[in-house]
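Undergrad: So that we are looking at the same thing, I have put the structure below in C-alpha cells.
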Amino acid sequence: MHSRTVGYKVVFTDHPLYGFADAGSIHMNKVLQFTLADIDQAICVSHTSKENTILRSGISPQKVFMVPNAVDTAMFTPSPERLSCDEIVIVVISRLVYRKGADLLVEVIPEVCRLFPKVRFIVGGDGPKRVRLEEMREKFSLQDRVEMLGAVPHAQNQHLKIWYKLSRKLSICFLA
C-alpha cells in the first residue's frame, strides 16, 4: 500500500485459498480489493486462478499475468529403460484438498478402474479429502488398484523423481 509513496513497483503473486460464497471469503475478497488497489501487476499460476483473481480483487485484467507452475526437466527425466508391462499406472501427487481436485479423483477412479481393468493408481499426498479417497477405495474394493502413500515430504525428492520416471514410462503423472 505504501509502495507508491516510496516509488517501488509491486507485483503480487496470488495463491488463492478463498472462494466467493461464504462470509469469510466475501470478507477476505474485500480486504484483497483494498490491499491490491495500488499494485502494478499480479501473477497467477493458471488461467482459472487469473480469472478468479480478477473477479475477487477487481484488478484490471491487463495487470494480471499467468505464469504456470513448472517441472525442472533436469531433475525429472524419463529413464532410458523401457518396461514391458501390461499395466497402466496413474500417479497423483498433490495436497488432497477440494481446490486441487481431490474430490474429482473420488468420482473418477472407480469409473476408470471399471472401464480399464489394467489401470492402477498411486496417490501421494495428504489433506481433508484423503478420508473420502480411502472410503472410495473401500466401497469399491480397490485396495489392490489404488495405493495411498500419504504425505510425501519435500525431503523425499528422490522418491518423487522415481515416481515421475515410473509414470513417464507407464502412463500419466500429475504433480500438483
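Undergrad: For ARG95, all conditions in the list (1) under 29 Å from SER49 (Cβ atoms); (2) outside any helix (DSSP H, G or I); (3) open to solvent by less than 20 Å² (accessible area, probe 1.4 Å) hold save one; what is the number of the exception?
TA: ARG95 satisfies every listed condition except (3).
Undergrad: Just name the residue that is modelled with the lowest pLDDT out of those in the stretch 25-38 that are surrounded by 16 or more Cβ atoms within 10 Å (Cβ to Cβ) and under 11 Å from GLY58 (Cβ atoms).
TA: Only one residue tops the list, namely ASN29.
Undergrad: Can you list residue pairs whose Cβ atoms sit under 6 Å apart, with the first residue in the stretch 37-48 being outside the structural domain of ARG99 (by the TED database) and the second being of a type in the set (Phe, Trp, Tyr)? Count only pairs 6 or more apart in sequence or on different chains.
TA: Sorted first by the residue in the stretch 37-48, then by its partner, the pairs are ILE39/PHE12; ALA42/PHE12; ILE43/PHE65.
Residue-wise test of (1) more than 16 Å from ILE90 (Cβ to Cβ); (2) modelled with pLDDT of 90 or more; (3) touching a His at 6+ places or on another chain (Cβ under 9 Å); (4) surrounded by 14 or more Cβ atoms within 10 Å (Cβ to Cβ).
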position: PHE121; (1), (2), (3), (4): no, yes, no, yes
position: PRO128; (1), (2), (3), (4): yes, yes, no, no
position: VAL131; (1), (2), (3), (4): yes, yes, no, no
position: ASP144; (1), (2), (3), (4): no, yes, no, no
position: MET148; (1), (2), (3), (4): no, yes, no, yes
position: ALA151; (1), (2), (3), (4): yes, no, no, no
position: LYS165; (1), (2), (3), (4): no, no, no, yes
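Undergrad: Please specify each residue of the stretch 1-24 satisfying the condition of being at pLDDT below 75 and under 15 Å from SER49 (Cα atoms).
TA: HIS15, PRO16, LEU17, TYR18, GLY19, PHE20
Undergrad: Go over the candidates ALA102, ALA70 one by one and state the one that is at pLDDT 80 or above, out of contact with any strand residue (DSSP E or B) (no Cβ under 6 Å at 6 or more places or on another chain) and within 29 Å of PRO153 (Cα to Cα).
TA: The unique qualifying residue is ALA102.
The values are calculated or read from the model by the stated rules, or taken from the named source; none is laboratory data. Computed from a predicted structure; not experimentally measured. Reconstructed Cβ throughout: ideal geometry from the backbone, glycine too, with neighbour counts over all protein chains shown. Note: accessible area is taken over every heavy atom of the protein model, side chains too, but ligands, DNA and RNA are not part of it. Shrake-Rupley method; radii C 1.70, N 1.55, O 1.52, S 1.80 Å.
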